[in-house]
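Each value in this text was obtained by applying a stated rule to the coordinates, not by laboratory testing. Given the structure is predicted, the values throughout are model-derived calculations rather than measurements. Glycine also receives a Cβ, built like all others from the backbone with ideal geometry; neighbour counts cover every protein chain displayed.
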Amino acid sequence: MGRNKWRPVLTKIILDHGRLARLVARHQRQGRSVALTNGVFDLFHVGHLRSLQGAKRRAGILVVAVNDDRSTRRYKGPGRPLVPAAERMEILAGLSCVDYVTLFSEPTVARLILCLAPDFHAKGTDYTPETDPEREAVAAVGGKTLIVGDAKRHSVTDLIGKVIRSCQFPVAGRQSAGKRKKRRKSTGDRGPGTGD
C-alpha cells in the first residue's frame, strides 16, 4: 500500500513539458482557463499558499513550475535550496489548489510559457503586469499577467534569519540546561511536578 497511497499526488508531477503542453491544450479546448505560476517554494509558508489559492480562484487549472536545485543556487546563493526539488514538488502536488507541477532550470519561465501557452501567468504582489519578467512571452501567447496573493510580508530568507537568530541567542527568561542543574543542586530543588 506504501507507494500506491501517494500515487494521486505523484501523478500531478509532470516533468515532460511536451506532455504537459498537450494536457494544457486539452483543458483549454474543454473551456477551462489555465494559469501558470512559478517559484522556488523552499520552506513552504503561508504567503506561498495564499498566492497559489489566489491563482486557482482566477483559473480553472493551476500549473506550478518549480526552480530546480541548480537554478535555485544561482538565484538564491550557496546553501539553497534547503529542501530538494523532488520534495518541494511533492509538497506542492499535495495541495488541492494545484493541478500540475513541473520543473524548470532557466533563469525565467519564458520558454515554458511559450511551450504551454497558458491563459494567465500568476505573479505575487511584489510585481505588476509591467514588471513581470516574462511579460513578453505572456503577450506572445495571448495571455495576461495576474497579480495574486497578499502583500509580501512573508519570505523564506526572513524565516531562515529568524531560525538562525533563535538558535544563537537564548530566549529571555529561559536558563540553559547546565544552569538549571547547578541551581537545583545548590537549592535542593527537585524540579517541576515533585511537590506541586
Out of residues 5 or more away from Ile13 or on other chains, whose amide H comes under 5 Å of its own, with H placed 1.01 Å from N in the peptide plane? Val101
Take the alpha carbon atoms of segment 85-125, find their radius of gyration, then divide it by 2.2 N^0.38 Å using N residues; give the quotient. 1.27
If I take all pairs of Cα atoms in segment 1-81, what percentage of them are more than 21 Å from each other? 44 percent
Need the C-alpha centroid separation for segment 40-70 versus segment 105-120, integer Å. 15 Å
Output needed for segment 2-158: three equivalent-ellipsoid semi-axes, defined as square roots of 5 times the C-alpha gyration tensor eigenvalues, in descending order, whole Å. 21, 20, 15
The exposure ranking of Ser51, Ser105, fewest beta-carbon neighbours within 10 Å first, is Ser105, Ser51
Here segment 117-127 yields Karplus 3J(HN,Hα) values (6.51, -1.76, 1.60; θ = phi - 60°; whole Hz; Gly and Pro given as x) of 6, x, 6, 9, 10, 8, 10, x, 6, 7, 10
List, in order, the whole-Hz ³J(HN,Hα) value for each residue of segment 138-150 obtained from phi through the Karplus relation with A = 6.51, B = -1.76, C = 1.60 and θ = phi - 60°; use x for Gly and Pro. 4, 5, 5, 9, x, x, 9, 8, 9, 9, 10, x, 8
Projected label distance in nm at Glu87 and Arg70, using a 7 Å step from Cα toward the beta-carbon: 2.2 nm
If I model a spin label at Gln168 and Cys97 as a point 7 Å from the Cα along the Cα→Cβ vector, what separation in nanometres do I get? 3.3 nm
Which far-off residues, 5 or more places away or on another chain, put their amide H under 5 Å from the one on Lys144, with H placed in the peptide plane? Phe120, His121
Per residue of segment 20-27, what does 6.51 cos²θ - 1.76 cosθ + 1.60 with θ = phi - 60° give for ³J(HN,Hα)? Whole Hz please, x for Gly and Pro, Karplus curve as stated. 5, 4, 5, 5, 4, 4, 5, 4
